[in-house]
Structure formats: structure tokens, C-alpha cells
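The values are calculated or read from the model by the stated rules, or taken from the named source; none is laboratory data. Computed from a prediction, not measured in an experiment: that's the story for all the values here. All Cβ positions, glycine included, derive from the backbone under ideal geometry; neighbour counts span all protein chains shown.
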């Protein structure tokens, strides 16, 4: 009898261990994959270092070497980021030196940016993100990464197989430069180093999977943005949602607590299928808050709701691969098959 009782207790013990393991498997994030063996050699070059160390008498001779070394990004930088044109202009050396010798701005940034942005962490975060990218998209190329100081122009630029990152746009929310520039609080809130990786990966995804021709109403924009946000779920799975989307904790809590109300508002006011440009911008674009809701709401609530729809869709269809999701342009089908119930 004692042997039977002992055997029964052992069986019960192993049953509960099995149940516990099943439970853990159920709640485990399936996007947290092991990418330690994924080979990625990330090419990162620092134009800010090579350019801003030049003296006036060096600039003319250095331009051909900079153009050779940095290739297309050198033109991206001079044309799109600091807007001085290209090397074909007769006075290009003077214009370039005028930018790098601006003692009131650029010369100060040269000293401050390395103190505020940890480039070792920058490399580590992006390498890990692109390992995940290569895990899901093994056939795709890894872009070269170029850093620069742009004088507070564009944060991230993307061109053919390259990404440019303006480090002076990520010096921290309390940077006195941003206040002196008169930037609104909602913009300064996301100008910190933790936002570099998600903004880089979002920008890259947005060029790899551009808006479809049938993205003509609010719902299609919401689902498109939701796919890009789910892409971040897969590429930077350890990152908190607030960092991925750039919300404060209070704003994220607002969205969670008012999810059903926001969705109901869009449905009842027939906003989901509105093709009005201003209606779409109201729920998709950045700003201090969403005008249709309260001032406690964040802007881009349509992006957040689209994200939840896509998450629901992927939860309902675990057989769907990330590659299939990103190529899927049937926005209505994604909503219908998501069984989304906020």
C-alpha cells in the first residue's frame, strides 16, 4: 500500500511538472528566437569622425577620398541631409567646410555626441537586430550603416542598401540643444539613444515593404503600419513596446485602457474606410496627441490599433511566417481573419 501511495505521488508530481512546462511554452514569446549562430558582419562607418576632423586647408584634397570611401552615402549626406548639393558645384569645398566649421553648432556637437551616444552599444544593438532580420529573411542583403552629424536634420535616411543615422538627433530628451531649437515636447521625447535601433529597423522595413497601391483608406494605413510594428516585435523582441512605438508609459496605458473605446469610435464614425487625407493623418501622423480623443492620448493611435490587429492576426494564425505577413497586402483580409476583439 505504501509503495502504491509513493508511486501515485510521483505520478502526480511529474504530471504537474509537465503541466508547468506546457504553461511556460504557451506564454513564451515565440518571437524570442536564438540568433547567436546567425552570421552577420555589420559594416558601420563614421562619416562624423572622418569629416569633422578636417582643417580648412585639408578639405579640398580630402573630398575625393571621402567620396570614394563613403560612396553613395556621401551624396546622400550632402544632398539630402545638409542640403549643400554635390561635388559638381564649383564652390562645394567652401560649402562643406562652412558646415563643419560652424563653431556655434557642429564643433560643439563633435564633443558632445560621443558622450551621449554609446557607439559600442549602437553596434551591438544593430548587430543583434540584423541577426534577427537575417534569421527571418536569409536571402535579403544587410545594408551598410553610416553615422554622421547633420546639424539636427534628418534622423535616419535610407537609400540603396545603406542607412544613414544622424547621431545628433539622439542625444537625450533633456539635451539643451533641443530646447534651444524650440522642438516640441512630443518630438524631444524620442530623441534618445534607445530609439536609434527601432527607428533604423522601422525605416529599413518601410523601404523594403512600401505602401501598397490599395492603401487608400485609414484601415489600410493602420494595417500597413501595424505590420511594420509587428516587424519590430520580431526584430527587436526584447525591447519594450513603449520604446518600439515611442510612447510614454502613461500613453501606452491610455491605449490599453481605451482600446475598445478608440476602435468603437473609428467604427461608429465611419473613419476606418475614410479616404480623406486629413482623417488619415489625424490617426497616423505624429503630434502632441490624437485630436479626436483626449489630450492624454498619444498621437498615432491608429498605428497602435493597427499593431494590435496584426498581433491578433498572427496569434490566430501561427502558421503564417513573418515573410508572408510582410508581403500580404490584403488589409481587409488581415482584419477579418484576426478575430480582433478589443
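Got a sec? Which of 232, 252 is surrounded by 21 or more Cβ atoms within 10 Å (Cβ to Cβ) and assigned to a helix (DSSP H, G or I)?
Only one candidate passes the filter, namely 232.
Limited to the stretch 103-116, what total is found for residues that are surrounded by 12 or more Cβ atoms within 10 Å (Cβ to Cβ) and outside any helix (DSSP H, G or I)?
Total satisfying the criteria: 1.
What is the residue count in the stretch 138-153 for residues that are buried (at least 17 other Cβ atoms within 10 Å of the Cβ) and either under 18 Å from the mean Cα position of the chain (by Cα) or outside any loop (DSSP other than H, G, I, E, B) (or both)?
Total meeting the criteria: 7.
Determine which member of the set 226, 246, 164 is under 21 Å from residue 106 (Cβ atoms) and under 14 Å from the mean Cα position of the chain (by Cα).
164
Do we find a residue being at pLDDT 95 or above, over 20 Å from residue 312 (Cα atoms) and assigned to a helix (DSSP H, G or I) anywhere in the stretch 217-224?
no
Restricting attention to the stretch 322-342, report how many residues are within 24 Å of the chain's Cα centre (by Cα) and loosely packed, with under 15 Cβ neighbours inside 10 Å.
The total comes to 4.
In this structure, does residue 219 turn out to be in the same structural domain as residue 272 (by TED's automatic domain parsing), over 17 Å from the mean Cα position of the chain (by Cα) and more than 25 Å from residue 108 (Cα to Cα)?
For residue 219, the condition - in the same structural domain as residue 272 (by TED's automatic domain parsing), over 17 Å from the mean Cα position of the chain (by Cα) and more than 25 Å from residue 108 (Cα to Cα) - is met.
Among the helices (runs of 4 or more DSSP H) lying completely within the stretch 258-321, list those that include at least 2 residues that are assigned by TED's automatic domain parsing to the domain that holds residue 232, in contact (Cβ under 8 Å) with a residue 24 or more places away in the chain and over 24 Å from the mean Cα position of the chain (by Cα).
Fully inside the stretch 258-321 and qualifying: 259-268.
Condition first: surrounded by fewer than 20 Cβ atoms within 10 Å (Cβ to Cβ) and in contact with a strand residue (DSSP E or B) (Cβ under 9 Å, 6 or more places away or on another chain). Now tell me which residues in the stretch 155-198 satisfy that.
156, 158, 161, 162
For the stretch 1-102, which helices (runs of 4 or more DSSP H) that fit wholly inside it have 1 or more residues that are modelled with pLDDT under 85 and exposed (fewer than 12 other Cβ atoms within 10 Å of the Cβ)?
Where helices (runs of 4 or more DSSP H) fall fully within the stretch 1-102 and carry at least 1 residues being modelled with pLDDT under 85 and exposed (fewer than 12 other Cβ atoms within 10 Å of the Cβ), they are 2-27.
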